[in-house]
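**Q** Okay, here's the structure, questions in a sec.
The values are calculated or read from the model by the stated rules, or taken from the named source; none is laboratory data. What you see is a predicted model, and the numbers here were worked out from it, not measured in a lab. Every residue, glycine among them, receives a Cβ derived from its backbone with ideal geometry; neighbour counts consider all protein chains shown. SASA here: full protein model, heavy atoms, side chains in, ligands and nucleic acids out. Shrake-Rupley method; radii C 1.70, N 1.55, O 1.52, S 1.80 Å.
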Amino acid sequence: MKKYLFVMLCCCASLARAQVPDKEFIDIYRELIEIDTAQPEANTTPAAQAMAKRLLDAGFDPRDVEIAGPAPDRQNLIARLRGAGEGKPILLLAHIDVVAAHKEDWTGGLDPFKLTERDGYYYARGSIDDKAMASIFVANMIRMKREGFRPKRDIVLALTADEESGNRNGVEWLIRNRRDAIDAQVALNEGAGGSWRHGKPFIQGVQVAEKVYHTFDFELTGPGGHSSVPGRDNVIYDMAAALSRLSELQLPAHVDDAAKRFFAAVAPTETGSLAAALEAVARGEYTDAQLKELSASPRLNAQLRTTCVATRIEGGHADNALPQRVHATVNCRIFPGEKSSFVEAELKRVAGDRIRVRPRGEEHPSGPMDINSPFMKTIERVSETMWPGTPVVPIMGTGATDGAKLRNAGIPVYGVSGIFLEYGENRLHGQDERVPVKSLLDSREFLYRLARALAS
Ligand SMILES: [Zn+2]
C-alpha cells in the first residue's frame, strides 16, 4: 500500500510539476525577492500586489484574492483555492517583510536585493526568510489551480507584513479583523527546516512550539547624595549584586516527549560524554551530572528550560552624585506551558525585597503542540516520500515567529519548510543569506505534496 502510494505520488507529481516549470517558479521567487520589503520601511504592498497578480493571471477568481491591511504600506495578501467544503481550511502562512540588509556588508559584490545564483546557491535577503516559502506557496497554489485540483478543504494562502519587526503585524491584524478569511484547521509556517550532514539529509525539523517572549523591569531607587561621602548604601551596587544572582539562576528543566525526540536526533552530531548525555536524556534515564553538562551549552540549555537574561541597564544621573535610580531589563524566553507567574516569583526571589520587579506588557502564552497529532503523522508520511529514512524531529523555537500568534488564536501551527541546509549553517538575518538551489526546488515539491495531503 505504501509503495503504491509512493509511486502514485511520484507520477502525479512529475506530471503536474510541468504545470509550473522551474523557470516560472524562479521568476516568481526573483520577483518577490527583488521587491524591497526590508524593515523598517518594509512596504509589503507592492509585493502583495505582485503575488496577487500572479494568482489572478493563473485563473483565480478575483473574489478569492484579496489585499487587506491596516495601512497603505502594510498590506497582506489572502487567497483561497476552493475545495469541497469538507472541514475547515488549511492555511499556508509566510511573511513577506525581511530584515534590513546593506550591500556594503555583503561579500563578493552581492546585492542583497538582487537574486544571484552562484555555485549552486541562490543569494539574496529573504532567499530563505521567508520569501522562499512565500514564493513556493504562490507557485504551488498556481500549480494546483492549473491541475484543477479540488481539495476537500479550502487551501488559504496568507502573505503577511511586519513579522520581523514593526507594530503592524499582518497576522495579528488578520486575526483581529479578518478571522473568517484565515480561520483554519491547521497552518503551515516557517520555523524549522531540514539539516544535511556531509551532504546527506539527517534531520527534518518541524517547529511544534515556541518559547514565550516576556520582558521584566527591575527597578531600584534610593536617596542618592554627594559622591564625595559615599556610604554602604548604593543602588548600583545593589542592582549589580541582584543581576549577579540572576546570572546563577537556573529554572527547572523540562524533559518532555518533544525534547526527548529532539535530543535523540542531535545526539549523532556530538561526540564523547556530550553525546552520551544527549542519548541518556532522550531515553529519560539521565543523571544530574549529565543534565548539567547539557545545560552548559547555551543552545541545548535553551531547549531545556526557561531562560532569563539581563539585556540592558541604566542608572545614575551625574558623575559626582550617588545614584538615585537604577533600571535593568531582563528578557525571558518562557518554556511553553510554564506559568509566567512562576517565573516572576523566581525573579522576585532572586532580586530581593528592595528591587521592584514588574512584567512589561502582558504575556501571550503559547502551549506546546501535540507531536502525535494526525497532522504530524501526515508531515512524517510526506517527508518519507521525499527523504526516505530521515527522522522527523519536533523542535521548540527559542525565538519567535508568527506561529505563536496563530496558536494563541486556537489554530495549530507546524513550522516546516523542508529546506535542507548544512548542519549548523545559519545566515538568516545576517550577511550573504543563501539557499542551495536543490533545497529550494525540493522544498517546493515537498510543500506541494504536504498541502495536498493535508487538504485531502
Ligand atoms: Zn521569518
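**Q** I'd like the trypsin sites (Lys or Arg not before Pro) in segment 367-456 restricted to DSSP loop residues with at most 16 other Cβ atoms within 10 Å, sorted by number. Provide the component values of the computation, followed by the final result.
**A** Numbers: sites: Lys377, Arg381, Lys405, Arg407, Arg427, Arg434, Lys438, Arg444, Arg449, Arg452; in loops: Arg427.
Hits after loop and neighbour filter: Arg427.
**Q** Mind listing the phi-derived Karplus ³J(HN,Hα) values for segment 293-303, rounded to whole Hz, using 6.51, -1.76 and 1.60 with θ = phi - 60°, and x for any glycine or proline?
**A** 5, 5, 5, 6, 8, x, 5, 6, 4, 5, 7
**Q** Across segment 192-208, in residue order, what do the Karplus-derived ³J(HN,Hα) couplings come to in whole Hz, using 6.51 cos²θ - 1.76 cosθ + 1.60 with θ = phi - 60° and x for Gly and Pro?
**A** 7, x, x, 10, 9, 10, 6, x, 10, x, 10, 9, 10, x, 10, 6, 10
**Q** What length, rounded to one decimal in nm, is gained on full extension from Asp73 through to Arg427, with 0.36 nm per residue of separation minus their alpha-carbon distance? Walk me through the intermediate numbers first.
**A** On the way: separation 354, 0.36 × 354 = 127.44 nm, distance 2.73 nm.
Value of the extension gain: 124.7 nm.
**Q** Tell me what the chain gives for mean residue ellipticity at 222 nm when only DSSP H runs of n ≥ 4 count, each as -39,500 (n - 2.57), the sum divided by the residue total, rounded to 500 deg cm²/dmol.
**A** Working: 15 runs with 172 residues, N = 456.
Taken over the chain, the calculation gives -11500 deg cm²/dmol.
**Q** Show me 385-394, 313-322, 158-167 ranked by packing, highest mean number of other Cβ atoms within 10 Å first. Intermediate values should be presented prior to the final figure.
**A** Details: 385-394: 18.1, 313-322: 12.4, 158-167: 22.9.
Those peptides, ordered most packed to least, come out 158-167, 385-394, 313-322.
**Q** Please find the FRET efficiency linking Gln39 to Ala276, where r is the Cβ-Cβ separation and R0 is fixed at 51 Å, and quote it to the nearest 0.05.
**A** Working: r = 43 Å, r/R0 = 0.85.
It comes out at approximately 0.75.
**Q** Please list, ordered by chain and number, the residues whose modelled amide H lies under 5 Å from the amide H of Leu421; skip anything fewer than 5 residues away on the same chain.
**A** Residues meeting the amide H criterion: Gly194, Ser195, Trp196.
**Q** With 21 Å as the limit, write out which pairs from Lys200/Lys438; Lys260/Lys348; Lys200/Lys377 have Cα-Cα distances beyond it, or answer none.
**A** On the way: Lys200/Lys438 13 Å; Lys260/Lys348 31 Å; Lys200/Lys377 23 Å.
Among Lys200/Lys438; Lys260/Lys348; Lys200/Lys377, the Cα-Cα distance tops 21 Å for Lys260/Lys348; Lys200/Lys377.
**Q** So, one more: Please report the carbon-and-sulfur percent of the accessible area for the chain; probe 1.4 Å, protein heavy atoms only, DNA, RNA and ligands left out. Mind showing how you got there, number by number?
**A** On the way: 10390 of 20230 Å².
Of the solvent-accessible surface of the chain, carbon and sulfur hold 51 percent.
**Q** Right, another one. Bin width 10 Å, origin at 0, all Cα-Cα pairs of segment 67-111: what percent of pairs per bin?
**A** 18, 29, 25, 19, 8, 1
**Q** Additional query: If the chain between His102 and Arg197 were fully stretched, how many nm would it gain, using 0.36 nm times the residue separation less the Cα-Cα distance? Kindly include the intermediate steps, with their values, before the conclusion.
**A** On the way: separation 95, 0.36 × 95 = 34.20 nm, distance 3.07 nm.
Extra length available between His102 and Arg197 comes to 31.1 nm.
**Q** Under a 1.4 Å probe, what is the accessible area of the chain per residue, stated in Å²?
**A** On a per-residue basis, 44 Å².
**Q** How far is helix 22-34 tilted off the main Cα axis of the chain, in degrees rounded to 10, range 0 to 90?
**A** 30
**Q** What list of ³J(HN,Hα) values in whole Hz, one per residue of segment 62-79 in order, does the Karplus curve 6.51 cos²θ - 1.76 cosθ + 1.60 (θ = phi - 60°) give from phi, with Gly and Pro shown as x?
**A** Values per residue, Gly and Pro as x: x, 6, 9, 10, 10, 10, 8, x, x, 8, x, 9, 9, 8, 10, 10, 10, 9 Hz.
**Q** Calculated FRET efficiency, Arg178 and Phe342, Cβ-Cβ r, R0 51 Å, to nearest 0.05?
**A** On the way: r = 35 Å, r/R0 = 0.69.
The computed FRET efficiency comes out at 0.90.
**Q** If you line up the long axis of helix 437-455 against the longest principal axis of the chain, both from Cα atoms, how many degrees apart are they, to the nearest 10?
**A** 80
**Q** Mean separation of Cα pairs under 8 Å and 6+ residues apart, divided by the residue count of the chain: what relative contact order is that in percent?
**A** On the way: 892 pairs, mean separation 104.3, N = 456.
The value is 23 percent.
**Q** If the chain between Glu219 and Ala321 were fully stretched, how many nm would it gain, using 0.36 nm times the residue separation less the Cα-Cα distance?
**A** Working: separation 102, 0.36 × 102 = 36.72 nm, distance 1.84 nm.
Roughly 34.9 nm would be gained on extension.
**Q** A further question on this structure: Report, in degrees rounded to the nearest 10, the 0 to 90 angle that the Cα long axis of helix 272-283 makes with the longest principal axis of the chain.
**A** Around 70 degrees separate the two axes.
**Q** Just how far, in whole angstrom, is segment 375-437 from segment 240-289 if you go by their alpha carbon centroids?
**A** If we compute the Cα centre of each part, the gap is 22 Å.
**Q** If packing is taken as the average number of other Cβ atoms within 10 Å across a peptide's residues, how do 137-143, 147-153 rank, most packed first?
**A** Values: 137-143: 24.9, 147-153: 15.7.
Taking the mean over residues of other Cβ atoms within 10 Å, the ranking is 137-143, 147-153.
**Q** Separate question: Put a dot 7 Å past each Cα toward the Cβ at Asp27 and Arg146; how far apart are the dots in nm?
**A** 0.9
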